[in-house]
Each structure stands twice: as structure tokens, then as C-alpha cells.
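Below is one structure; the comments refer to it alone.
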Amino acid sequence: MNLHEYQGKYILSHFGVSIPEGMIVESPKAAVEAAKEIMHKTGSGSWAVKAQIHAGGRGKGGGVKIAKSLEDVYRYAKDILGMKLVTHQTGPEGKIVQKILIEQGIYYSGESEVREYYMSVLLNRQSGTNIIMYSTEGGMDIETVAEKTPHLIFREEVDPGAGIRPFQARKIAFNLGLDGKAFKEMIRFVMALYNCYEKSDASLFEINPVIKTSNNLIVAADAKVVLDSNALFRHPDYAEMRDISEEDPAEVEAGKYDLNFIKLDGNVGCMVNGAGLAMATMDIIKLSGGDPANFLDVGGTANAKTVEAGFRIILKEPSVRAILINIFGGIVRCDRVAEGIVEAYNSLGNIEVPVIVRLQGTNAPEAKKLIDDSGLKVFPAISLQEAADLVKTAVN
């Protein structure tokens, strides 16, 4: 589950990670009041006005502004609220900004230079360890840094059983070129960040940039947080942070029926049971000259209702030119899937795109009879190759 920046910072602060003073608002007037309150608390005469959407690259898209006066706060808030913010992660359709974060300015002058760093914590699936990735090149896309200056990206592997050790945090602070007070502050920051990642059951914490202020404090200036949805039962307060308006409507609807659905940019919809078979089916579609329009695993408890819901979700995408249903009946019964197909046809009316159906396994003969007796215009397939050939014909 993705979080907004302000939500991620709320979690960080509860684990001792330093964050700027900030307030979330939904109107220009409230933005000015928030700026006044932040100035009263911190003495800061500048503020960051930041759009809150589930996407990176907000600054490049005009969604982050630095205000030097209350008039600037009002003007920037008015400009950003309600705008369609387009970034490299939103795609050309963009996202409408519904709320903004007003935050104290931390780029103030002082005894030393302000520096920006990159830091993230995530799982290294290959080694089975957690990894802290960090760089002196903060404020940039980490992909750009990896492409142009890979030697400036450092990695620290952490055994989940042992947890992060102080010597590892010291190594990170040393590699970032810090000393004195900033060195000690970075050690504290790293230890707190890793503890937050572990205790919140996150799959990603990305802080870009981590700021060394001019008085040598270490602060999380941004926060991209992804929580493991499978662990939310342990964190009901985090589950309440879910913002459905930021999610794809088709994926939200699929979740209501316990369907594992991910929208893709293709022209062939697919409905499969089992993640492995789903991946193989997507490969078949690709090899046949088509492109998968979605990943849809109906799971082992599929019934007529869930199949009908999956059908309806797939058909909402106008780019879909064919649908491939590939079911191997182990736990799930093929006749239940067939019932769902028939009911979907009857409830959705005239389905114009070709539907290719491959049902093998438990109750497959009964399923074939149900479809044959229904009079539906579907294309049956026995083997994967036959299904692939039918997909190729449909998309061409």
C-alpha cells in the first residue's frame, strides 16, 4: 500500500526520525494559517508547499514550490491545489492534487553548507536480507545516478535476524563524507530509519533527499513509503491511511472481490488462476504478437461471481481486443468458472471482443458442456499452443 509523503513522515517521526515541522491542508486560506503556525513554532520564514499524490517527480512537474512569504504560500497553494500534476510516474493522464503539505523551510543559512543525500531501505530478494542503499547524490532520480555515476551508490546489507549494527550505521555516515556532529546525527538517523522500516512492516522507505542542514542536523526532507499490504492486519492505524482516490479504479474494484489484478498497457485481457500460470499466459500472449492488458489471478476460491467481476473489469478497458481465459482446475472447479463466463455474458449483454477459453482439470468436461449448451460465441482451446494461435488471430 502506497502512502502520501505526510503519512510516511508521520510514521517516521514516531520512530525517532527527524522530519520538518509540517501541516496538511486543502485550501489556500488554510495553507496560510498553517504557515503562520509553523513560523510560530520554528521561527522559519520560508516554507515548502508540496503537492500530495502517489507519484515521484512532483518538483519537476511544478508540484513543489519554496515560499519566502505568506503571500507566496497563498499563491502557490492556489496554483497547486486542483492542478493536474503530470510526472514521469503518473503518465500523461496525471493526477489531480487534492491536498498539500505546508512544511518549514530547512534550507536556511548557518555555520556550514547544506547537503543532500539519497537513502532507501528495501528487501534484497536475491540474498534474503534487507538493504540500505545510499548516495551522496541526493535530490536526483536514483536511476540517473546508477546510469551515470554508479560508483556513487553504496549498499549495506543487513541481516533481518540480527538487525542493523552500530558499526554499519557508522560506515554509512563515513561513506557519505560526514564528520563531527553531522556524523553522529547520521548514525542516529540510519538506526531510527531502519528500525522504522522493520517495525512498520514496510517493503520500501525511500528518503530523497536526506538533508544535512547548515547547523549539522540530519532531516528527512521527503518520504516515499510502501507498506506490505499482507501485514496491515497488524497495523490497523496504517490501514486507515489508504487513499483509494489515488489508486487505479479497476484495481480497487478487483480488491472488493479478492481478485489479484494489475492493470497493464496492452490489448489482450487475461483471466487465470495461479500467479505462475498467469505469468506463463502473459508470455504466451506476448509471443503471439499481442500485449497483456492486465494481470488477473482469480485464485483458488474462484466462483461464478468473482469470474463475472473479473470479466467486467477487463472489459472496461477500451484497448482490449481479445480476452484469454486460461484455467487449470486444481482447487478451483472449471464448471464454476464456466458458470461465471455464462453469467457475465448474460449480464453484460453483447460482448464484441473475441473470448478464448481454455479450461483443463477438475470438472473440465462439465465446464465444456455448460459453455456449449449456452450458445455463447467463445473460442475453445485445448492446448496452450492452440490458445496462442487463437490470440494471434484475434489481435491481427
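The values are calculated or read from the model by the stated rules, or taken from the named source; none is laboratory data. Here the structure is a predicted model, which is why all the values come from computation and not from measurement. Here the Cβ is made from the backbone with ideal geometry for all residues, glycine too, and neighbour counts use every protein chain on show. Only protein heavy atoms, including side chains, enter the accessible area calculation; ligands, DNA and RNA are left aside. Shrake-Rupley method; radii C 1.70, N 1.55, O 1.52, S 1.80 Å.
For the range 266-361, the per residue solvent-accessible surface stands at 38 Å², with DNA, RNA and ligands left out and a 1.4 Å probe. Which angle from 0 to 90°, rounded to the nearest 10, does the C-alpha axis of helix 304-315 make with the longest principal axis of the chain? Once rounded, the angle reads 70 degrees.
Can you grab the distance from the C-alpha centre of the range 210-234 to the C-alpha centre of the range 353-377, Å, no decimals? When both Cα centres are located, 51 Å separates them.
Does the range 144-228 classify as rounded, prolate or oblate by the C-alpha gyration tensor (a ≥ b ≥ c root eigenvalues; a/c under 1.5 gives rounded; else a/b over b/c gives prolate, otherwise oblate)? Cα axes put the range 144-228 in the rounded bin. Taking the alpha-carbon centroid of each part, what is the distance from the range 190-204 to the range 310-350 in angstrom? Measuring centre to centre over Cα atoms gives 41 Å.
A simple spin-label model places the labels of Glu251 and Glu366 3.6 nm from each other, with each point 7 Å out along Cα-to-Cβ.
Relative to the longest principal axis of the Cα atoms of the chain, helix 275-287 runs at roughly 80 degrees. Sort out the exposed loop trypsin sites (Lys or Arg not before Pro) in the chain (DSSP loop, at most 15 other Cβ within 10 Å) and tell me the longest stretch that has none. Formally, the longest exposed-site-free interval is 126-315. Residues whose amide H comes within less than 5 Å of that of Asp222, counting only those at least five positions distant or on another chain, are Asn208 (H built at 1.01 Å from N in the peptide plane).
With all protein chains in place and ligands, DNA and RNA left out, the 1.4 Å accessible area ranks Met191, Met119 as Met191, Met119, largest first.
Which of Leu178, Ile96, Gly361 sits closest to the plus end of the dipole of the chain, meaning its Cα is farthest towards the positive end, when Lys and Arg get +1 and Asp and Glu get -1 on the C-beta? Projecting each Cα onto the dipole axis, the largest value belongs to Leu178.
Summarising the overall dimensions of the range 194-264 from its C-alpha atoms, the Rg and Dmax are 16.0, 53 angstrom. Taking a ≥ b ≥ c as the square roots of the eigenvalues of the Cα gyration tensor, the range 66-152 is classed as oblate, since a/c reaches at least 1.5 and a/b does not exceed b/c. If you take the beta carbon distance between Asp243 and Lys148 as r and set R0 to 30 Å, what does 1/(1 + (r/R0)^6) give as a FRET efficiency, to the nearest 0.05? So, using R0 = 30 Å, E works out to roughly 0.30.
Can you pull the percent of the range 38-103's accessible area that's carbon plus sulfur, 1.4 Å probe, other chains left in place? If you can, show how the numbers build up before the last one.
Details: 1680 of 3190 Å².
Solvent-exposed carbon and sulfur of the range 38-103 make up 53 percent of the total.
Here the range 200-290 exposes an accessible surface that is 52 percent carbon and sulfur, computed with a 1.4 Å probe and the other protein chains kept in place.
Might you report the magnitude of the Cβ-based charge dipole of the chain about its Cα centre, with Lys and Arg at +1 and Asp and Glu at -1, to the nearest 20 debye? Spell out each step's value before the answer.
Numbers: 43 positive and 51 negative charges, 124 e Å.
Here the chain has a charge dipole of around 600 debye.
The C-alpha atoms of the chain define a longest principal axis, and helix 364-374 lies at about 80 degrees to it.
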